[in-house]
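Engineer: Here it is, the structure, as structure tokens.
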Amino acid sequence: MKSLAALLAAVAIASLSLANAHAAPAAPSSSAATTTTSSIHPVTVRGNIRFGSPIELPKSSEVGSAATTCYNPCGEPSMVQAPNGTMYISTPRTLLVCCNSQASPVWKSTDGGATWSNPIFPTSTLPRGSAASGGDTEMAVDSNNTLYEGDLWLGNDSMFITSDAGKTWTSSAFSHDVADDREWLVYNPHDNALYGWYDGLKGGLEAIRAPLDTPLGSNAALVSPEERLAVPADPNCASLVCEGKQDGGPNEVNGVPVLNETESPGIPAVDPKTGTVYFPFGYQVAGKGIGIAETTDGLNFSYQFVKGAGHGHVGDVDNDFPVAAVDGKGTLYVAWIENKGGQEPAFHLYLSASKDQGKTWTGPTDVSGPISKTAVFPTLAAGSGGRVVVGWYGTNIAGNNNSKKIMKNAQWNTYVAESINADSKRPSFAVENIDPHFHSGTISTGGLGGSADRSLLDFFTVGIDNKTGAADITYVRDKLVDNKKVTAIMFAKQTGGYNLLK
């Protein structure tokens, strides 16, 4: 988990960043930069899907001023696609709490990911010095192709909005009271509203709804007026005092789940048929260790639980963020990493599916187990009925990915798995290793605390091209620059196999 340790470490990072905070900002660039194909060759592990060689996003591996680079190491790339096909990738650069008017970088592609722009740094419309950025980033795109980038600074969330693909921006330094790791955004076309999900200051996990059909239009998202505590924490835990404790109080009060430790919210999803928004979160009850807060208005919530997830131990299903997705027929999927126990720790990626809004479930299906002994960072996207793409980082060494002793010689791979019957009782998957041995050693899932390698940050992203049905992936890989280890943001596209939208 990433709460108290993250806060303390982030303050330290912020103080180290001030040396660069007064650098003159570079003008945002939206011109396409030609990207070169790397020498990485994806390998089909099982089944019949193919990906092109990954390409490196321009300047993502550069080390330098936070005004012109993402202040390497760059990590945890978010990816979204607008209805018109324009693709965006964003990463946090560093925590700049007081002295910078630009948001974290955004890369843009208008040709399906074949080429990417140089990093665009959204420039605040507020007086210089008023905006803050860099703790986390998250994006969403509405039906008018307007892009929203949230930029967390551990105390609130700056919001940057562009309706002209990054040429001009509006912004606000205070959009909602996000307290800690992390915020997520998702657009709901049914009610034309932006929804958010985060660890807030009201004592638990909060949801926001910003209606975009008011006279304010997209600017309604600059300060979200509808903010609700969706999943409360035990009062003794609200100030982080229950960090690491298993028994902080009741698990449920009047049908509402109660958190007994600090929990990071999972990645939400919208049902394209009904407009129901699903907010996943880690829970502490054996057999239903992932909860789902469901809403159609951002104000009222019902709750379901993923059957078979978790075994009642703190953190057993949220070593990484659980992630939700909904296919074109309304089937809800949830993917997560879990150690099911036993003599040898084995962290695998599991997937469950529900055709009735979380009331009943098929699975869990162990997706990563046949491929890798340890998995981290689940990512998931859904297309038409039964068609999904899942991703994870995996190694053939079993054990805790944070352990220097266990993972000393670990070689990690970037896996993508696709299924066209993920809604069945026995789904099958085709798997490709996008980037063999892209990282070695530990991978931290303990936030900014501990001594494990934190350079990849906390997640990566898969998606589905809304024009071609091909799977897309953006992830982070190690790179040597002048004999110094840095990271690079990579992108790869499916070139053969399943069409996930048919």
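Engineer: With θ set to phi - 60° and the Karplus curve 6.51 cos²θ - 1.76 cosθ + 1.60, what are the ³J(HN,Hα) couplings of the range 486-502 in order, to the nearest whole Hz, using x for Gly and Pro?
Structural biologist: Calculated HN-Hα couplings, in order: 10, 10, 10, 8, 10, 9, 9, 10, 5, 10, x, x, 5, 9, 7, 10, 7 Hz.
Engineer: Another question, if that's okay. Work through the residues other than A417 whose Cβ is under 10 Å from its Cβ and net out their charges, Lys, Arg +1 and Asp, Glu -1.
Structural biologist: Charge balance near A417 sits at -1.
Engineer: Would you mind checking which residues have amide H under 5 Å from G399's amide H? H placed 1.01 Å from N; only 5 or more apart, or other chain.
Structural biologist: Amide H to amide H, under 5 Å and 5 or more residues apart or across chains, G399 pairs with F347.
Engineer: Could I ask something else about it? Please list, ordered by chain and number, the residues whose modelled amide H lies under 5 Å from the amide H of T379; skip anything fewer than 5 residues away on the same chain.
Structural biologist: G391
Engineer: Taking the Cβ of Q357 as the center, what net charge do the other residues with Cβ under 10 Å away carry, scoring Lys and Arg +1 and Asp and Glu -1?
Structural biologist: For residues surrounding Q357, the net value is -1.
Engineer: Follow-up question, since we're still on this one. Once Rh for the range 367-447 is found with the Kirkwood sum over Cα pairs, what is the Stokes-Einstein diffusion coefficient at 37 °C and 0.692 mPa s, in µm²/s?
Structural biologist: Using the Kirkwood radius from Cα pairs, D works out to 246 µm²/s.
Engineer: What is the total of Lys pairs in the range 450-502 with C-alpha atoms under 25 Å apart, excluding same-chain pairs fewer than 8 positions apart?
Structural biologist: 4
Engineer: Hey, another quick one. Please list, by residue number, everything in the range 204-236 whose backbone N is under 20 Å from a paramagnetic label point 7 Å out along Cα→Cβ of N144.
Structural biologist: 209-226
Engineer: Using 0.36 nm per residue, how much length does the chain from K485 to D177 gain when fully extended, once their Cα-Cα distance is taken away?
Structural biologist: Fully extending the segment from K485 to D177 adds 107.3 nm.
Engineer: Carbon and sulfur: what percent of the range 430-477's accessible surface (1.4 Å probe)?
Structural biologist: Carbon-and-sulfur percentage of accessible area, whole number: 49.
Engineer: With charges only on Cβ, +1 for K and R and -1 for D and E, what is the dipole size of the range 320-438 about its Cα centre, in debye, rounded to 20?
Structural biologist: The dipole of the range 320-438 has a size of about 220 debye.
Engineer: For a paramagnetic label modelled at 7 Å from the Cα of D111 toward its Cβ, which residues of the range 479-502 fall within the zone defined by backbone nitrogen distances under 18 Å?
Structural biologist: Under cut-off, by backbone N: 491-495.
Engineer: Quick one: if you stick a label point 7 Å off each Cα along the C-beta vector at K202 and T125, how many nm between them?
Structural biologist: Result for the modelled spin labels: 2.7 nm.
Engineer: Can you give the charge dipole size of the range 307-378 about its Cα centre, rounded to the nearest 20 debye, using +1 on the beta carbon of Lys and Arg and -1 on the beta carbon of Asp and Glu?
Structural biologist: 260 debye
Engineer: What are the ³J(HN,Hα) values, in whole Hz, obtained from phi via the Karplus relation 6.51 cos²θ - 1.76 cosθ + 1.60 with θ = phi - 60°, for each residue of the range 194-206 in sequence order, with x given for Gly and Pro?
Structural biologist: Along the range 194-206, the couplings run 9, 10, x, 8, 6, 7, x, 9, 8, x, x, 9, 10 Hz.
Engineer: Set the Förster radius R0 to 45 Å, insert the Cβ-Cβ distance between S302 and K405 as r into 1/(1 + (r/R0)^6), and round the FRET efficiency to 0.05.
Structural biologist: Working from the Cβ atoms, E equals 0.50.
Engineer: Sticking with this one: Report the extension gain between N466 and V223 in nm, rounded to one decimal, defined as 0.36 nm multiplied by the number of residues separating them, less their alpha carbon distance.
Structural biologist: Between N466 and V223, full extension yields an extra 84.5 nm.
Engineer: Moving on. Using 0.36 nm per residue of separation minus the Cα-Cα distance, give me the extension gain between R426 and N396 in nm, one decimal.
Structural biologist: 8.4 nm
Engineer: Could you tell me the relative contact order of the range 332-374? Use alpha-carbon pairs under 8 Å, at least six residues apart, and round to a whole percent.
Structural biologist: Once normalised by length, the contact order is 36 percent.
The values are calculated or read from the model by the stated rules, or taken from the named source; none is laboratory data. Quick caveat, the model's predicted, so the values are computed rather than measured. Quick reminder, even Gly has a Cβ in these numbers, built from the backbone with ideal geometry, and neighbours come from all protein chains shown. Each accessible area value is taken on the protein alone, full model and side chains, heavy atoms only, with ligands, DNA and RNA left out. Shrake-Rupley method; radii C 1.70, N 1.55, O 1.52, S 1.80 Å.
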